[in-house]
Amino acid sequence: MTRLGIIGLPQSGKTTLFNALTGQNCPIHLGGGKVETQLAVVDVPDERLKRLASLFQPQKVTPAKVAFADNSGLESGSAQKGLPGAVLNQLSSMDGFVHVLRCFEDERIPHSLGSVDPRRDWQKMEAEFILYDLLIVERRLERLKDEQRKGGGRLHSEIEREQELLESLRQALESEQPLRRLSLSDEQRRALSSFAFLSLKPILVVLNLSETQTAPQWEGEHPAQAVIALRGKLEMELAQMPAEEATTFQELYGIAELSLPALVRQAYELLGVQTFFTVGEDEVRAWQVRRGATAQEAAGVIHTDLMRGFIRAEVIPYPQLIEAGGWNEARAKGWIRLEGKDYPLQEGEIMHVRAST
Ligand SMILES: Nc1nc2c(ncn2[C@@H]2O[C@H](COP(=O)(O)OP(=O)(O)O)[C@@H](O)[C@H]2O)c(=O)[nH]1
Ligand SMILES: [Mg+2]
């Protein structure tokens, strides 16, 4: 399951956003400075799943899930001093981040850095991530030097290749570039995956606006970075209201849709994740898989047995299945394709795995 860490300065609106996304009611003020992670698993909103469910009338409908983590440790380090290593460490287990930046003005809520300035706040967190990653890189380079000297283990050429890669990371970090901005090959990414660099993880910027604010200009579009503006407090209140009342308020404030669907869409985009479906009388279900994954890999998401015993996959795009009006109807039209294990599954396709078990 995809895990997104909500980060940002104290009082930026992280817990508020968490509550808005999850419809939960976590206490806004967590005292004690204890490092704790609140994890909430949220259904991924998907209109297609609903359509498929009404078509197949299954006993069970299972949406894909995303987990949001609100880390109370982010409140513990004073904004001036920076975050404790233990907190940064915890963040390294996340797949990506949602970075909340305070844009709202409210005299009753003092800003930990004295003034509302989202760009400065953004740079501050970036700088912490970069520094943390730099320490890891330097430590690793020291190790590699030892390894080089002692010998006996890996090939010299192999060690050198890693050194070169880490040197290029060091250069980027020293010039204050987050690692997510580097273009790395798949092989390089694999080589780096065990380090869990914070500045390499994709990040979604959330501009947290007051009820009446409009979003400030925000550049920095990048494949691993996106921006979304929302009114956190208002959305939290809406998420906690009975549905009917919420609709009235939504109309009043001109909110076409709450942020969860857009936020999840953006996160999928950033994380390189896509959806596929399985259908049947017992269950209609949405699944997550790496974009570009093969049919066999996707089968493995459903069950390892289906991956091992994979023979062929029956595949059809969502719009075609809807147009046909059912699986048998689609088959009669010849729209259900048979694909082999290397077929790259496309976003929104419905798959039925034939496997020998
Ligand atoms: N006016 C206004 N207040 C907000 C907004 N978002 C959060 N707050 C308030 O800011 C304070 C800090 O919010 P909280 O979610 O606890 O921030 P955290 O420390 O980042 O978790 C709370 O009193 C919230 O009610 C917003 O969009 N508008
Ligand atoms: Mg909080």
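The values are calculated or read from the model by the stated rules, or taken from the named source; none is laboratory data. Predicted, not measured: the structure shown is a model, and the values here were computed from it. Glycine gets a Cβ as well: all are built from the backbone with ideal geometry, and neighbour counts include every protein chain shown.
A few comments on the model shown:
- Checked against the criterion of being on the phi < 0 side of the Ramachandran plot, outside any loop (DSSP other than H, G, I, E, B), over 23 Å from the mean Cα position of the chain (by Cα) and surrounded by 16 or more Cβ atoms within 10 Å (Cβ to Cβ), the candidates Glu147, Glu158, Glu126 yield just one match: Glu147.
- Candidates Val279, Val264, Val289 - the one that is within 23 Å of Pro344 (Cβ to Cβ), at pLDDT below 90 and of a type in the set (Val, Ile, Thr): Val264
- Restricting the range 206-215 to residues that are under 18 Å from Leu9 (Cβ atoms) and in contact with a helix residue (DSSP H, G or I) (Cβ under 7 Å, 6 or more places away or on another chain), the residue that is surrounded by the fewest Cβ atoms within 10 Å (Cβ to Cβ) is Leu207.
- Among the residues of the range 187-207, the one identified as aromatic (Phe, Trp, Tyr) and outside any helix (DSSP H, G or I) is Phe197.
- Within the range 98-115, the set of residues being surrounded by fewer than 20 Cβ atoms within 10 Å (Cβ to Cβ) and more than 11 Å from ligand 1 (Cβ to nearest atom) comprises Leu113, Gly114, Ser115.
- When Asp95 is tested against (1) within 16 Å of ligand 1 (Cβ to nearest atom); (2) surrounded by 14 or more Cβ atoms within 10 Å (Cβ to Cβ), just one condition goes unmet, and that condition is (1).
- Whichever residue in the range 340-351 is of a type outside the set (Lys, Arg) and in a loop (DSSP other than H, G, I, E, B) and, among such residues, is surrounded by the most Cβ atoms within 10 Å (Cβ to Cβ): Leu345
- Test for Ala262: is it closer than 30 Å to Met236 by Cα, in the same structural domain as Thr16 (by TED's automatic domain parsing) and either touching a Pro at 6+ places or on another chain (Cβ under 9 Å) or hydroxyl-bearing (Ser, Thr, Tyr) (or both): no
- Single residue of the range 285-316 satisfying the filter (β-branched (Val, Ile, Thr) and not in a helix (DSSP H, G or I)) that is nearest to the chain's Cα centre (by Cα): Val289
- Count - residues of the range 74-92 that are more than 20 Å from the chain's Cα centre (by Cα), part of a helix (DSSP H, G or I) and within 16 Å of ligand 1 (Cβ to nearest atom): 1
- Some residue of the range 317-339 being under 29 Å from the mean Cα position of the chain (by Cα) and not in a helix (DSSP H, G or I): yes
- Options Ala226, Ala239: the member that is in contact with a helix residue (DSSP H, G or I) (Cβ under 6 Å, 6 or more places away or on another chain) and part of a strand (DSSP E or B): Ala226
- No other residue among Leu166, Leu131, Leu135 is assigned to a helix (DSSP H, G or I), closer than 22 Å to Leu204 by Cα and not polar (S, T, N, Q) apart from Leu131.
- Qualifying residue in the range 103-111 (condition: modelled with pLDDT under 95, more than 28 Å from Thr212 (Cβ to Cβ) and within 15 Å of ligand 2 (Cβ to nearest atom)): no
- Scope the range 1-38; condition of a type in the set (A, V, I, L, M), modelled with pLDDT under 85 and in contact with a strand residue (DSSP E or B) (Cβ under 6 Å, 6 or more places away or on another chain); matching residues: Met1
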